[in-house]
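Enquirer: A single structure is presented below for examination.
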Amino acid sequence: MAPEVPLRNSLLLRLLIASFAISLVSIAATAWLTSRSTTLAIKQERGQILADDATIQNTLEGFAAVHRNWDEAGHTVQELARGTGRGIVITTRAREVITASDRSDVDRLPLNASAVIDPLHLSPSSDQGAGPSEQVSRIDPRAVGPYLLPTAERKKLRQLARQEASCLYDTQGMRTHIVEEPSGRPSLRAFRSGAVTLQTCATKELLAPTPTEAKALTELTALVRTCAERNRIRIEEPLTINAQFRLAQAGFEQGASDLDDCVEEGRREQLAPHVAPAALLFVTSPAQSATPVFDLSRAGTLRVLGTTCLILSATITITAVIAIRLIRPLRKLTNAARAPSGRHLRIPITTKDEIGYLAAVLNELSERRERTDEQRRVMVSDIAHELRTPLSNIRGWLDAAQDGLADPDSSLVASLQEEAGLLQHIIDDLQVLAAADAGSLRLNFRELNLRELAEQSLDAHQTAAQAGRLALTGHFTDDLTIEGDPVRLRQVLGNLLSNAIRHTPPNGSITVSAYRVEGGVELHVADTGSGIRPEDLPRIFDRFWRAEQSRSRNTGGSGLGLSIVGHLVQAHGGKVSVVSSPGTETVFTVRLPN
């Protein structure tokens, strides 16, 4: 029998490792895909949040630049909250609520404000793309205050701007378009190069300030002079109306000379009554994050499909490799099983796992079948040989009597009866063996004394022992009571004694002994006969086997007695064994349970 498959070669372990590898790859791929998709979604949402925050701040700064207070800001805040999905709260610097998108947002205000809404002091992030050496005004350009032109002045300036655009096209071939600034003043912009430098087509009326602007500039000039005197700044040129206009224009975009700080301060002071007061802006996230776990965009869907296909391909490949390694030896086993019954194939053992173990077992099964077939052929030949002898004798004597060559007297009848008895004995033995093989051998168990049964068998065989000049003795202990079938146990002992008498030469001895051992009783039949060779001991209980290779009947017996002994002892739940020293002694041991 092949040994058990070690764990390292176990097919189960290999399948578990393969399953673990597939699961590990699937989990890792899923984790990577989830992490990747979530990261992308978070980045997108974060970018969207920053864009929304910038939109909210810019919109509210624009509202503050064109309104004197926050009274009408509620509608604007509600629209921003719906558009961005964020909570918006505006408070004074003392954190008194001015307006909010929802009352629940007021209850969960963060400790720090998101931004300060002050159109006269924009945060650095709101500056319009200035370089490191540039000083950009931090006043919101939408805060125009007294510079806001009335409709009549706008209409006149727009007509002059159209004339200027026509002049530039006619003289220079330059295409321009009119852009209206927050104050209502039009300016020309080229389609490709941005701002237009007015040269030959410039008119004084377009470049000069309007009455509304002149009034505001006069006010600004006074504020700038006051700031300059306070800070002891010398003004190089007289602040005429045109100079004031240039100074104001420069203040909108970039500080000019040493007056930049005073211009900025004057403009803030001039615009302060026209803009909303500074306020704190609080922007809160929604109650539940809208961050998706998976990005279900087209690119995200393709990543999901690609990863799934990769996992399926890896799974199919690994499974196919394992299946091929499994199927190859299984196909060989199938071919061996389909082989004709007369052929006994040997399956090559190519693996050391359960399949290799199965192949080894099937090879052993095939060998046992070969031995069984050989024993069956030998048994049929033996049965025919054993039955042929008495039948041939009976038929020969009957043919001789019929031909008148022998008288049918009492001696002939006695000879025929002896041959018929031998034939009957062989048939009875075969029936016992057939019943034992079929499992239908019935035993009548009852309590019996093995000593009494052994003494009766000794008495029955004394005559045969004396005829062979043999000493037949018995040695028994008390309390040899067991459960068994007395008829079958007497048959066991009788066959052992007959076998010992047959193989013990004259002047030899046969000893029968029985005694109690742990768990049962042991019965020994020892003789001083010819003995059994060591190589013949494994076959001593085979049917029709005899040491005489010539199959002569000089020693008597049919070769079934010891085989019957083995089956009957086994039917009682016991064991029979033999040890022998050729030419010295042979001992049969029968161990029977209580």
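Enquirer: Which residues, counting only those in the stretch 56-77, are open to solvent by 70 Å² or more (accessible area, probe 1.4 Å), in contact with a helix residue (DSSP H, G or I) (Cβ under 9 Å, 6 or more places away or on another chain) and part of a helix (DSSP H, G or I)?
Expert: Across the stretch 56-77, the qualifying residues are ASN58, VAL66.
Enquirer: Within the set of pairs 6 or more residues apart or between chains, which connect a residue that is over 15 Å from CYS309 (Cα atoms) inside the stretch 21-43 to a residue that is among the aromatic types (Phe, Trp, Tyr) and modelled with pLDDT under 75 with Cβ atoms less than 9 Å apart?
Expert: Qualifying pairs under 9 Å: THR34/PHE294; SER37/PHE294; THR38/PHE294; ALA41/PHE294.
Enquirer: If a residue must be among the hydrophobic types (A, V, I, L, M, F, W, C) and at pLDDT below 75, how many such residues does the stretch 30-52 contain?
Expert: 4
Enquirer: For the stretch 462-483, enumerate the residues that are open to solvent by less than 30 Å² (accessible area, probe 1.4 Å) and touching a residue at least 60 places away in the same chain (Cβ under 8 Å).
Expert: ILE482, the sole residue that qualifies.
Enquirer: Name the residues in the stretch 455-473 that are out of contact with any Gly (no Cβ under 6 Å at 6 or more places or on another chain), assigned to a helix (DSSP H, G or I) and of a type outside the set (Ser, Thr, Tyr), would you?
Expert: Those that are out of contact with any Gly (no Cβ under 6 Å at 6 or more places or on another chain), assigned to a helix (DSSP H, G or I) and of a type outside the set (Ser, Thr, Tyr): GLU455, GLN456, ASP459, ALA460, HIS461, GLN462, ALA464, ALA465, GLN466, ALA467.
Enquirer: Still on this structure, please answer the following. Answer yes if at least one residue in the stretch 350-364 is modelled with pLDDT under 75 and among the polar types (S, T, N, Q), and no otherwise.
Expert: yes
Enquirer: Another question, then. Quick one: count up the residues across the stretch 391-408 that are part of a loop (DSSP other than H, G, I, E, B) and open to solvent by 70 Å² or more (accessible area, probe 1.4 Å).
Expert: Qualifying residue count for the region: 4.
Enquirer: Follow-up. Just to be sure I understand, how many residues within the stretch 253-293 are within 60 Å of the chain's Cα centre (by Cα) and modelled with pLDDT of 55 or more?
Expert: Looking only at that region, the number is 8.
Enquirer: Next question, about the same structure. Suppose we keep only residues that are assigned to a helix (DSSP H, G or I) and touching a strand residue (DSSP E or B) at 6+ places or on another chain (Cβ under 9 Å) within the stretch 409-451. Which one would you say is most open to solvent (accessible area, probe 1.4 Å)?
Expert: Residue satisfying both the conditions and the ranking: ARG451.
Enquirer: Cβ-Cβ distance below 6 Å, separation of 6 or more or different chains: which pairs start in the stretch 100-117 with a residue that is closer than 18 Å to ALA279 by Cβ and end on one that is among the charged types (D, E, K, R)?
Expert: Pairs found: ILE117/GLU61.
Enquirer: Could you check, for the stretch 79-96, whether at least one of its residues is modelled with pLDDT of 80 or more and on the phi > 0 side of the Ramachandran plot?
Expert: Yes, some residue in the stretch 79-96 is modelled with pLDDT of 80 or more and on the phi > 0 side of the Ramachandran plot.
Enquirer: Checking GLU180 against (1) more than 29 Å from HIS67 (Cα to Cα); (2) at pLDDT 85 or above; (3) in contact with a strand residue (DSSP E or B) (Cβ under 9 Å, 6 or more places away or on another chain), which single condition isn't satisfied?
Expert: That leaves (1) as the condition not met.
Enquirer: Could you tell me whether any residue of the stretch 493-503 is part of a loop (DSSP other than H, G, I, E, B), surrounded by 19 or more Cβ atoms within 10 Å (Cβ to Cβ) and of a type in the set (Val, Ile, Thr)?
Expert: no
Enquirer: SER114 versus (1) over 50 Å from the mean Cα position of the chain (by Cα); (2) modelled with pLDDT of 85 or more; (3) within 30 Å of GLU265 (Cβ to Cβ): which is the lone unmet condition?
Expert: Tallying (1) over 50 Å from the mean Cα position of the chain (by Cα); (2) modelled with pLDDT of 85 or more; (3) within 30 Å of GLU265 (Cβ to Cβ), SER114 fails exactly one: (1).
Enquirer: Right, next: Tell me which residues, restricted to the stretch 104-113, are buried (at least 18 other Cβ atoms within 10 Å of the Cβ) and either among the charged types (D, E, K, R) or more than 10 Å from PHE282 (Cα to Cα) (or both).
Expert: Matches in the stretch 104-113: ASP105 only.
Enquirer: While we're here: Those residues that are open to solvent by less than 60 Å² (accessible area, probe 1.4 Å), more than 22 Å from PRO182 (Cβ to Cβ) and in a helix (DSSP H, G or I), I need them from the stretch 78-103; list them, please.
Expert: Matches in the stretch 78-103: ALA81, THR84.
Enquirer: So is ILE27 at pLDDT 75 or above and closer than 24 Å to THR317 by Cβ or not?
Expert: Against the criterion (at pLDDT 75 or above and closer than 24 Å to THR317 by Cβ), ILE27 does not qualify.
Enquirer: Further question: Inside the stretch 532-583, can you point out the residues that are part of a loop (DSSP other than H, G, I, E, B), at pLDDT 85 or above and more than 28 Å from ASN594 (Cα to Cα)?
Expert: Result: ILE532, ARG533, PRO582.
Enquirer: Sticking with this structure for a sec: Tell me, yes or no, whether the stretch 505-515 has at least one residue that is in contact (Cβ under 8 Å) with a residue 60 or more places away in the chain, more than 18 Å from HIS567 (Cβ to Cβ), surrounded by fewer than 18 Cβ atoms within 10 Å (Cβ to Cβ) and touching a strand residue (DSSP E or B) at 6+ places or on another chain (Cβ under 8 Å).
Expert: No: zero hits.
The values are calculated or read from the model by the stated rules, or taken from the named source; none is laboratory data. Computed from a prediction, not measured in an experiment: that's the story for all the values here. Neighbour counts are summed over all protein chains in view; Cβ atoms, including those assigned to glycine, are modelled from backbone coordinates with ideal geometry. For the accessible areas, the whole protein counts, side chains as well, though only heavy atoms, and no ligand, DNA or RNA atoms are used. Shrake-Rupley method; radii C 1.70, N 1.55, O 1.52, S 1.80 Å.
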